[in-house]
Amino acid sequence: MINDRNVLFGLHELAGVGWRTIERLVSGVSGAISGLLDAEPADLVAFGVKPNAAAAICGKLTPAFIESRLETYVRNRVSFVTEADPDYPPLLREIAQPPWVLYYRGDLSVLTRPCIAMVGTRSPTAYGRKIAFELARDLSYGGICVASGLARGIDSSAHRGALEGEGGTAAVLGCGPDRVYPIENASLYADITQKGVIVSEYPLGTEPKPGLFPQRNRIISGLSLGTVVVEAASRSGSLITADQALEQSRDVFAVPGPITSSQSSGTLDLIRQGAKLVTCAEDIMEEYRRYSTKDVPGSRADTAQDGVEASADERKLLELLSAVPITFDELLILSGIEFGHLHSVLLNLILKKKIEPLPGSAYIRL
């Protein structure tokens with residue numbers, strides 16, 4: 001069926017037709033967008049489209065082309081929503097350049113829930129991975145959808161944590177909706193299509209390219225009430241998402257980390273610049289209580305207690321350990337535990353997933 005939404009979809013599918021060209025056409029046409037099917041090149045030129053582009057659009061934008069592309073998306077099990085549709089994510093409409101078409105796999109209704117973006121470095125520490133997972137999980141328990149970019153590192157941990165709760169997760173791709181990038185996230189991609197939603201503004205077959213990722217970041221923040229940066233270096237691409245959130249008049253949150261860690265330098269800078277410091281999901285939820293009445297786990301101390309019993313020596317080491325690495329020799333001096341027994345206690349804590357060993361005989365608490 002040829003209607004306004006399908007003509008907008010057809011425009012979006014034309015190679016070389018970008019966001020601003022579609023804006024000129026949609027703004028220029030009087031009445032229904034489907035009227036573009038009857039337009040002449042001169043009409044499009046009058047809307048501000050260059051002559052060569054106008055001729056190409058008039059030659060390719062036909063009912064047959066649109067029907068063919070629609071069939072291709074049905075075959076590939078990819079749906080779409082346009083900016084003209086009532087179920088288009090409302091917060092996304094408010095940004096400066098909302099995608100004309102948003103392709104998706106999974107459950108689009110996930111985006112009707114309150115949404116929080118969570119981003120960070122692709123090379124996180126064990127501390128960063130754990131915090132991203134726990135924050136996303138706890139927000140999801142509170143009925144919050146967590147949006148991120150399916151990248152390595154913090155993004156992946158956030159998606160996995162959010163899948164634990166009923167809030168779900170939205171993965172915004174920097175490639176076509178049929179492409180999995182990075183490829184090691186194939187199983188995570190599949191899980192999200194079952195329990196969340198995969199979205200992209202790029203048509204089928206679009207390969208991941210560096211220039212596409214900064215553009216998709218505006219969608220991650222644009223879907224969300226606020227953006228949480230978990231771990232990021234001073235020049236991290238994650239800070240682009242935080243900047244875009246500010247440009248969109250959305251909130252920015254940051255998780256503090258060790259002052260000695262380069263992976264926390266960007267988040268510490270954000271806190272100095274006024275981002276709200278986050279230590280638990282409740283720090284975020286207290287800003288949005290009107291959007292969700294469901295409880296989330298309260299403090300980091302609360303979430304750290306997972307019911308695993310610990311001996312007196314294990315508790316002593318846990319009090320000494322933190323996100324800042326500490327060496328075996330330092331633990332030997334500070335704890336007063338005998339050399340051979342200290343090895344045994346540390347091994348038990350590793351097996352209980354309370355701590356993580358690092359190169360150089362150092363350890364951090366998880």
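The values are calculated or read from the model by the stated rules, or taken from the named source; none is laboratory data. The structure presented is a predicted model; accordingly, all values stated were derived computationally and were not measured. Glycine gets a Cβ as well: all are built from the backbone with ideal geometry, and neighbour counts include every protein chain shown. Keep in mind that these areas ignore ligands, DNA and RNA; they rest on the heavy atoms of the full protein, side chains included. Shrake-Rupley method; radii C 1.70, N 1.55, O 1.52, S 1.80 Å.
Would you check which residues across the range 233-244 are out of contact with any Gly (no Cβ under 7 Å at 6 or more places or on another chain) and either under 17 Å from P98 (Cα atoms) or not in a loop (DSSP other than H, G, I, E, B) (or both) and list them?
I240, T241, A242, D243, Q244
Report yes if E319 is open to solvent by 60 Å² or more (accessible area, probe 1.4 Å), at pLDDT 85 or above and in a loop (DSSP other than H, G, I, E, B), otherwise no.
No; evaluated as a whole, the condition is false for this residue.
Exactly one condition in (1) within 23 Å of D178 (Cα to Cα); (2) at pLDDT below 95; (3) in contact with an Asp or Glu (Cβ under 9 Å, 6 or more places away or on another chain) is false for S109; which is it?
Result: S109 passes all but (2).
Scan S236, S292 and give me the residue that is farther than 30 Å from K352 by Cα, at pLDDT 85 or above, in contact with a helix residue (DSSP H, G or I) (Cβ under 8 Å, 6 or more places away or on another chain) and surrounded by 15 or more Cβ atoms within 10 Å (Cβ to Cβ).
From the options S236, S292, the qualifying one is S236.
Being over 23 Å from G10 (Cα atoms), among the hydrophobic types (A, V, I, L, M, F, W, C) and without any contact (Cβ under 8 Å) to a residue 60 or more places away in the chain narrows it down to one of A171, A158, so name that one.
Just a single option satisfies the conditions, and that option is A171.
Sort out which residues of the range 203-232 are in a loop (DSSP other than H, G, I, E, B), open to solvent by 30 Å² or more (accessible area, probe 1.4 Å) and within 24 Å of R160 (Cβ to Cβ), and write them in order of number.
The one that is in a loop (DSSP other than H, G, I, E, B), open to solvent by 30 Å² or more (accessible area, probe 1.4 Å) and within 24 Å of R160 (Cβ to Cβ): P208.
Would you point out the residue of the range 244-286, among those that are of a type in the set (V, I, T) and open to solvent by less than 30 Å² (accessible area, probe 1.4 Å), that is farthest from V229 (Cα to Cα)?
Let us first name the residues in the range 244-286 that are of a type in the set (V, I, T), namely 252, 255, 259-260, 267, 271, 278-279, 284.
Imposing the further condition that a residue be open to solvent by less than 30 Å² (accessible area, probe 1.4 Å) reduces the set to 252, 255, 267, 278, 284.
Working: V252: 8, V255: 6, T267: 7, V278: 9, I284: 12 Å.
Across the range 244-286, the extreme among qualifying residues is I284.
Would it be correct to say that G128 is under 14 Å from P256 (Cα atoms), of a type in the set (G, A, S), open to solvent by less than 50 Å² (accessible area, probe 1.4 Å) and in contact with a helix residue (DSSP H, G or I) (Cβ under 9 Å, 6 or more places away or on another chain)?
Judged against the criteria, G128 is a match.
For the range 49-98, how many residues are of a type in the set (A, V, I, L, M, F, W, C), out of contact with any strand residue (DSSP E or B) (no Cβ under 7 Å at 6 or more places or on another chain), outside any helix (DSSP H, G or I) and surrounded by 18 or more Cβ atoms within 10 Å (Cβ to Cβ)?
3
Among the residues that make up the range 88-100, is at least one of them within 16 Å of N6 (Cβ to Cβ), free of Cβ contacts under 8 Å to residues at least 24 places away in the same chain and touching a Ser or Thr at 6+ places or on another chain (Cβ under 8 Å)?
yes
Go through (1) more than 20 Å from V81 (Cα to Cα); (2) of a type in the set (D, E, K, R); (3) surrounded by 15 or more Cβ atoms within 10 Å (Cβ to Cβ) and name the single condition E40 misses.
Of the numbered conditions (1) more than 20 Å from V81 (Cα to Cα); (2) of a type in the set (D, E, K, R); (3) surrounded by 15 or more Cβ atoms within 10 Å (Cβ to Cβ), the odd one out for E40 is (3).
Just wondering, is there one or more residues in the range 16-31 that are over 23 Å from C175 (Cβ atoms), open to solvent by 40 Å² or more (accessible area, probe 1.4 Å) and over 32 Å from the mean Cα position of the chain (by Cα)?
Checking the range 16-31: at least one residue is over 23 Å from C175 (Cβ atoms), open to solvent by 40 Å² or more (accessible area, probe 1.4 Å) and over 32 Å from the mean Cα position of the chain (by Cα).
Give me the pairs: first residue in the range 51-68 and of a type in the set (V, I, T), second residue not in a helix (DSSP H, G or I), beta-carbon distance under 8 Å, and six or more apart or on different chains, which are they?
Sorted first by the residue in the range 51-68, then by its partner, the pairs are I57/L14; I57/V17; I57/V49; I66/I2.
For S123, indicate whether it is modelled with pLDDT under 95 and open to solvent by 50 Å² or more (accessible area, probe 1.4 Å).
On the way: modelled with pLDDT under 95: yes; open to solvent by 50 Å² or more (accessible area, probe 1.4 Å): yes.
Against the criterion (modelled with pLDDT under 95 and open to solvent by 50 Å² or more (accessible area, probe 1.4 Å)), S123 qualifies.
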